[in-house]
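As structure tokens, the structure follows; a few thoughts come after it.
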Amino acid sequence: MNCRHCDSPLEHTFLDLGFAPPSNAYLSEADLTRPEVYYPLKLMVCAQCWLVQTEDYTQADELFSSDYAYFSSTSSTWLAHAKNYTNAMTKRLSLGEKSFVIEVASNDGYLLKNFVEAGVPCLGIEPTASTADAAELLGVPVLREFFGEALGNQLANEGKQADLIAGNNVYAHVPDINDFTKGLKAALKPTGTITLEFPHLMRLIEHTQFDTAYHEHFSYLSLYSVQRIFKQAGLRVFDVEELSTHGGSVRVFGCHTNDPRATAASVDVLVDEETDRGLQTLTTYEEFQSRADKVKDELLTFLLTQKRDGKSVMAYGAAAKGNTLLNYAGVKPDLLPMVCDAALAKQGKYMPGSHIPIVRPEMLAALKPDFVVVLPWNLADEVVSQNSLVKEWGGAFVTAVPELRVF
Ligand SMILES: [Zn+2]
């Protein structure tokens, strides 16, 4: 296989998690009687451009035809983040009724509804019908398409180039990152601004966030690699901010290469920090697997100890990263009998691979477990504050990443 960005041969493994089912392929009761398809889950690093990426395999398209859709609006943390973003961008770019905003992967309208309320014309691009329907109910116009160079050109030809193109947590999830970036270029006004948010590879490595690996998450991005990808497409990263979302993300600001805006000092500062932390050094990547294994072993030891001691354990949050962790650790319902989740679409279903049943959050209070393992550790504060009653019966919360923590 060759690198999805620079086409160099991919020869170095960053992380090998064996085989796993697609992380969002939640199972119904009937599915449990059928065979389940597992695919290799392996991340490679390109020693030329340092893009970390999932290994290619056949049938990737079939893999992601899941009927399950994640609705961004189910997280209050995420809604507040979107509101803050809207306010900051409106002020910084002086957006108003003559501006035009495009959001790629607009989901259920969690972000663009803020622009609609402010009277700023906007367009969402979202191929998933159920979330696009939800956005339209909020008054957000939606184009039900996949984004890439072809759609970018189409928008440009229709006079729909944007002052702001937003992409929050979509860039790492596109299979063809070069084509997607060319689409951004095509759909951007000459003076326009692109902002993309993605989990930062530097934080993934620093905090051993190996459970953020899953098949649908194609790229694991550093600022250095994004700069290269932008440059090849005729774009330039002119500013960057670090964010606390998803365990450490970055928001890059992009413009056309020849835009008069100067590149902020923050860009070189962060690329230098990546270099200092070894993100352009092969050994940094080669050492990661053993750290991931240690996290996995500690969780497994904890669960085995609780089972032996007769303690009860439940999990909270049927998130993709939970599936990666549980499947890599080989955890089954005998060690973790159920997972609570507030999303109605997941309740009554089963976690892919582990087949752990997903139940309503009310089951926590009904069963009063000794330990609650919070699988989406990035939302731990939200989960703990919403379930403060766990402390009242003497229970404790547990997170596994970056190391086992009982609190
Ligand atoms: Zn490469």
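Each of Thr324, Val390, Gly192 was scored by the projection of its Cα onto the charge dipole of the chain, and the greatest displacement toward the positive side belongs to Val390; charges sit on the C-beta of Lys, Arg, Asp and Glu. Rounded to the nearest 5, the antiparallel percentage of DSSP beta bridges internal to the range 132-252 is 55%.
Within the full protein context, the accessible area of Phe115 is estimated at about 0 Å² for a probe radius of 1.4 Å. The angle between the Cα long axis of helix 177-187 and the main principal axis of the chain comes to about 40°, on a 0 to 90 degree scale.
Taking 0.36 nm per residue of separation and subtracting the Cα-Cα distance, what length does fully extending Thr191 through Lys83 add?
Gain on stretching Thr191 to Lys83: 36.5 nm.
The slack in the chain from Glu29 to Gln232, taken as 0.36 nm per residue of separation less the alpha-carbon distance, amounts to 68.3 nm.
The long axis of helix 223-232 is offset from the longest Cα principal axis of the chain by roughly 40 degrees.
Give me the number: length gained by fully extending Thr275 to Thr13, i.e. 0.36 nm times residue separation minus the C-alpha to C-alpha distance, one decimal in nm. Taking Thr275 through Thr13 to full extension adds about 92.4 nm, to one decimal. Relative to the longest principal axis of the Cα atoms of the chain, helix 265-276 runs at roughly 40 degrees.
Can you give the FRET efficiency to the nearest 0.05 for Glu97 and Thr284, using r as the Cβ-Cβ distance and R₀ = 60 Å?
0.80
Taking the DSSP beta bridges with both ends in the chain, the antiparallel portion is around 55 percent. Of Val116, Val406, the order by accessible heavy-atom surface (1.4 Å probe, DNA, RNA and ligands excluded), from most exposed downward, is Val406, Val116.
When the chain is described by a simple charge dipole with +1 on each Lys and Arg Cβ and -1 on each Asp and Glu Cβ, the residue from Val359, His5, Thr86 located farthest towards its positive end is Thr86. Relative contact order for the chain: 15 percent, from Cα pairs under 8 Å spaced at least 6 residues apart, divided by residue count. Per residue, the range 99-228 exposes an accessible area of 31 Å² to a 1.4 Å probe, with every protein chain left in place.
I'd like the distance separating the alpha-carbon centroids of the range 65-135 and the range 5-44, in whole Å. Here the two parts' Cα centres lie 30 Å apart. A Förster radius of 35 Å combined with the Cβ-Cβ distance from Ala47 to Gln154 puts the calculated FRET efficiency at roughly 0.45.
Among the GluC sites (Glu not before Pro) in the range 112-210, those placed in a DSSP loop whose Cβ has at most 15 other Cβ atoms within 10 Å are Glu145, Glu158. Here the range 191-207 and the range 226-257 have alpha carbon centers that stand 6 Å from each other. A simple packing score, the average count of other Cβ atoms within 10 Å per residue, orders the peptides 299-309, 317-327 as 317-327, 299-309, with the highest score first.
The values are calculated or read from the model by the stated rules, or taken from the named source; none is laboratory data. In this text, all values refer to a predicted model and were calculated from it rather than measured experimentally. Virtual Cβ from ideal backbone geometry, glycine too; neighbours counted across all protein chains shown. What goes into the accessible areas is simple: the full protein's heavy atoms, side chains included, and nothing from ligands, DNA or RNA. Shrake-Rupley method; radii C 1.70, N 1.55, O 1.52, S 1.80 Å.
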